[in-house]
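Engineer: Got a structure here, written out as structure tokens. Questions coming.
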């Protein structure tokens, strides 16, 4: 049986975005079919619609965390707190390992001195890059996807 990290990595290699790859690897265990999982997580790729904001792999991890710890009652303050505690714990772990939860930082796209207007213009292209050997060499995404699966197993699902 393949590990979740192997399933997620294979999904990414098939062309799915970071968020889709992570979330779809886990979704069926929670009664969510693959197509629905891919649709739910599609908008979070490329740092949310390729805006290079919050990392897609990180977002996929939070979606899994929500399936584990998310409150389902509007007035469940303790449940909300437990989920927010988990989110902040995961963010802390991810930042410790990678320095940021932001796609643009992880990809090294923003440089000191870039103006707000320059940054805005940098991330207005919604066309995904072609997946080539060079793409995989220059992007940390595949390793980040594997990493978040390990973080999920160790911290969300209590395994390993």
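Engineer: If you take the residues of region 129-156 that are outside any helix (DSSP H, G or I) and in contact with a helix residue (DSSP H, G or I) (Cβ under 7 Å, 6 or more places away or on another chain), which of them is nearest to residue 108 (Cα to Cα)?
Structural biologist: Once the filter is applied, the top-ranked residue is 140.
Engineer: Quick check on my filter: what residues within region 73-96 are part of a helix (DSSP H, G or I) and surrounded by 13 or more Cβ atoms within 10 Å (Cβ to Cβ)?
Structural biologist: Restricting attention to region 73-96, the residues satisfying the condition of being part of a helix (DSSP H, G or I) are 77-96.
The answer is 79, 80, 82, 83, 86, 87, 89, 90, 91, 93, 94, 95.
Engineer: Among the numbered conditions (1) part of a helix (DSSP H, G or I); (2) touching a helix residue (DSSP H, G or I) at 6+ places or on another chain (Cβ under 7 Å); (3) within 24 Å of residue 46 (Cβ to Cβ), tell me where residue 100 comes up short.
Structural biologist: (1)
Engineer: Ok, one more. Can you tell me which residue is farthest from residue 7 (Cα to Cα) among those in region 30-51 that are touching a residue at least 60 places away in the same chain (Cβ under 8 Å) and surrounded by fewer than 17 Cβ atoms within 10 Å (Cβ to Cβ)?
Structural biologist: 51
Engineer: Let me ask you something else. Considering only residues of region 101-138 that are surrounded by 15 or more Cβ atoms within 10 Å (Cβ to Cβ) and modelled with pLDDT of 90 or more, which is farthest from residue 54 (Cα to Cα)?
Structural biologist: Per the stated criteria, the residue is 107.
Engineer: Check residue 54 against each of (1) surrounded by fewer than 24 Cβ atoms within 10 Å (Cβ to Cβ); (2) more than 9 Å from the chain's Cα centre (by Cα) and name the one condition it does not meet.
Structural biologist: Residue 54 satisfies every listed condition except (2).
Engineer: Ok, one more. What number of residues in region 38-66 are within 15 Å of residue 151 (Cα to Cα) and either modelled with pLDDT under 95 or not in a loop (DSSP other than H, G, I, E, B) (or both)? Explain how you work it out, then say what you get.
Structural biologist: So the first thing to find is which residues in region 38-66 are within 15 Å of residue 151 (Cα to Cα), and the list is 55-66.
From what is left, the residues that are either modelled with pLDDT under 95 or not in a loop (DSSP other than H, G, I, E, B) (or both) are 56-66.
The number of residues fulfilling the criteria is 11.
Engineer: Hey, residue 15 hits all of (1) touching a helix residue (DSSP H, G or I) at 6+ places or on another chain (Cβ under 9 Å); (2) at positive phi; (3) loosely packed, with under 15 Cβ neighbours inside 10 Å but one; which does it fall short on?
Structural biologist: The single condition residue 15 does not satisfy is (1).
The values are calculated or read from the model by the stated rules, or taken from the named source; none is laboratory data. Remember, it's a predicted structure, so these values are computed and weren't measured experimentally. Reconstructed Cβ throughout: ideal geometry from the backbone, glycine too, with neighbour counts over all protein chains shown.
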